[in-house]
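> Quick one: the structure is below, and I'll ask about it shortly.
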Amino acid sequence: MGTGYLGGDANTSEGSVKNYSLFFDFSEVFRRAHLGVREALRDNQLAGNAIAVWRGGQVVLVPAENINIPGYDPDPLSRHGKGGEGS
């Protein structure tokens with residue numbers, strides 16, 4: 001009997017099939033990968049760590065203050081006129 005990636009017997013009950021559903025729903029795989037990358041970028045940004053990216057055929061270090069995370073606003077109140085000075 002074969003053992004799957006998540007352990008257990010791949011040739012048995014429907015319960016085992018549920019464990020493998022992530023591997024067949026590629027939109028879910030990509031969604032989770034995207035969220036994981038965003039979380040890692042945010043964690044590095046908040047910790048002040050630079051990240052390495054591939055640009056123009058070489059590795060480039062991006063300082064924490066220059067990390068761009070699409071859809072993430074680190075200080076939403078200051079950009080929408082709520083809180084801070086002048087509101």
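Read-outs: derived from the displayed coordinates by stated rules, not from any lab. Keep in mind the model is a prediction, meaning the values are calculated, not measured. Here Cβ is always computed from backbone atoms with ideal geometry, including for glycine, and neighbour counts include all displayed protein chains.
> Restricting the search to the range 29-52, which residues are loosely packed, with under 11 Cβ neighbours inside 10 Å and touching a Leu at 6+ places or on another chain (Cβ under 8 Å)?
Ala52
> If you check every pair at least six apart or on different chains, which have Cβ atoms under 9 Å apart with a residue in the range 37-59 that is closer than 14 Å to Ile69 by Cβ first and a residue that is among the charged types (D, E, K, R) second?
Gln45/Glu65; Asn49/Asp43
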